[in-house]
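Engineer: Can you read through this structure? Questions will come right after.
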Amino acid sequence: IALWSLFILLTSAGMFHASPAYLPSATVMVFVMNGAACQLDTLSTQSQNNNPKERDLDGAIWWGLLAVLVTGWPFCGVLFVPLGLVAIHRAGRTGTPSEEEGGGYRRWNIVAVMKLLARTISHAVFIQSIVTLIDYHYYGEIRFPTWNVFIYNTRLFGGDGINRDDLYGVEGVDYYIRNLLLNWNVTALIGILALPCLWMQRLVRRSSTTTRDNKGVDLVLFPMFLWIGVLFTRPHKEERFLFPIYPMLAIGTAVFLDLVLETFSIAPTILRVWTSRRVSRVVHREDATQSSRHRATSHVKLGIGLLILIPTATVSILRSMALVDNYIAPLETYAALYHNAESSQSHLSLEESSRSAPLICTGGEWYRFPSSFHIPNNARLAFLQSSFGGQLPQQFTKFGSRMESLSIQTGDFNNMNVGSMDRYVDIEDCSYVVELVVNGGEGVASDKEEEEPECVGYMKADGMSKWREGVNNNFVDIERTSMVHRVVYVPFARKIHYKSFSYFHRISA
């Protein structure tokens, strides 16, 4: 199961997309995966016994506390509720066995439960203290962003009673279904069905020696259903919200595969056919030991599983290739812009460079800006007014997140995602403009059926002779490309239409 899970994780398009993401949900995903490893190690069939230790789930609890307190994403605590309940249950069962009841546990060990709660609270205080110190360094006062995020997104504990789920876009349930199928194909369905199938097998074959009673798998997979129940019922949906359950889908698929192979005894059957044809010399020898037969059966089972997974892995890899080919343009364009802006400032002194800091402007493509690491230190990102009507980020001042920034900042913030005109600049102030344009000429829209990009209109109004296209990179044209070629990379038969994700720089007079 472990090797199959690793194979699925390494080839999954979902993990390819989520792993490098600099997002709280991606960090939670890593913490969930590490916590799952601790749970499986503790509660696996080999290590589970009738005398659990007091601290055997402390490692998994640590990862849960880190996920909730460090990332500033408190809602992921739902994923660790089953872990907390199981930890309390196991702590209560650490009492002395009762001989009168056949070795069962006669009474609840309250002391062990209280110790568990005390350890958990002390660990939480320790982690939160470090987080608070870091926040204090940047905010200049004691703040609890995790609590603020919780209050902002709920109507509990002093919230203003406003439901903000519909402020940032509303999607139907099919949005998550499509994303799961795109990034995990059939393994999404199999991973979700694994736990119900495992429970059904236990009910049907309760007396069978092959029945899987690994409670560690239950504890790892069950939180996925809690998370799905929370996400699918909320109006606002984003793909990144699914990241924390991605490792569970991989483990679930591996468990389901193991369940099928064990239930139908596929590996032993193939091994018997194999040995009857004298292919395997190890198990064919009359003096072959039981351990060698078991080892050979395990190897056959592993190989069968990998063969079954290869088609889904191939589709996932092709999906990952399509993501790179279709959408890598913003990273390449901003990388080229970075080097151009740096070289244009290289001959200036530090003081001159700070006075002539380039302004990198974008309009409707603002959400494709990778990060501030992709522009020079002295450059600033700015926004040209576009069809987007929500609230845009505001520039940091020299004081960063400290309260002193409020005394010199212009413009207001609001908690209702209402746009503000003070976020926008004029085209005359821009040194660079980044825009998605139709291929043709100098990267400016040439197809009369295409609506002219907003930033191109601004540059024309400013005088197109003042601007020159620096770099353009291919970005998939969603409207003109078929769904198949948008979804997966089709080798030797690639039929895709591109737009250009370009940057333009102002020509010095």
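Read the figures in this text as sums done on the coordinates, not as results from a lab. Because the structure is a prediction, the values reported are computed rather than measured. Virtual Cβ from ideal backbone geometry, glycine too; neighbours counted across all protein chains shown.
Engineer: Under 1.5 on a/c is rounded, so check that first for region 375-443, then, if it is not, pick prolate when a/b is larger than b/c and oblate when it is not; a ≥ b ≥ c are the square roots of the alpha carbon gyration tensor eigenvalues.
Structural biologist: oblate
Engineer: Using a cut-off of 15 Å between beta-carbons, work out the net charge of the residues near F383 (Lys and Arg +1, Asp and Glu -1, F383 not included).
Structural biologist: -4
Engineer: What does the highest-first list of 487-498, 180-191 look like by mean Cβ count within 10 Å?
Structural biologist: So the order, starting with the most tightly packed, is 180-191, 487-498.
Engineer: Ok, one more. To the nearest 0.05, how large is the calculated FRET efficiency for Q395 and M464 if R₀ is 25 Å and r is the Cβ-Cβ distance?
Structural biologist: Efficiency for this residue pair is about 0.35.
Engineer: Hey, can you grab everything whose amide H is under 5 Å from the amide H of A382? Only 5+ residues off in sequence or another chain; H modelled, so Pro and N-termini drop out.
Structural biologist: I360, C361, T362
Engineer: Highest mean first, how do 416-425, 303-312 rank when packing is the count of other Cβ atoms within 10 Å averaged over residues?
Structural biologist: In descending order of packing, they fall as 303-312, 416-425.
Engineer: Place a point 7 Å from Cα of A21 in the direction of its Cβ. Which residues in region 216-247 have their backbone N less than 14 Å from it?
Structural biologist: 237-247
Engineer: Here's a follow-up. Ranked from highest to lowest mean number of other Cβ atoms within 10 Å per residue, what is the order of the peptides 142-154, 74-86?
Structural biologist: 74-86, 142-154
Engineer: Something else about it: I need the semi-axes of the equivalent ellipsoid of region 368-509: take the C-alpha gyration tensor, multiply each eigenvalue by 5, square-root it, list largest first in whole angstrom.
Structural biologist: 32, 20, 15
Engineer: Show me, for region 414-420, the HN-Hα J-couplings you get by feeding each phi into the Karplus relation (A = 6.51, B = -1.76, C = 1.60, θ = phi - 60°), rounded to Hz, glycine and proline as x.
Structural biologist: Here the 3J(HN,Hα) series is 9, 9, 10, 6, 9, x, 9 Hz.
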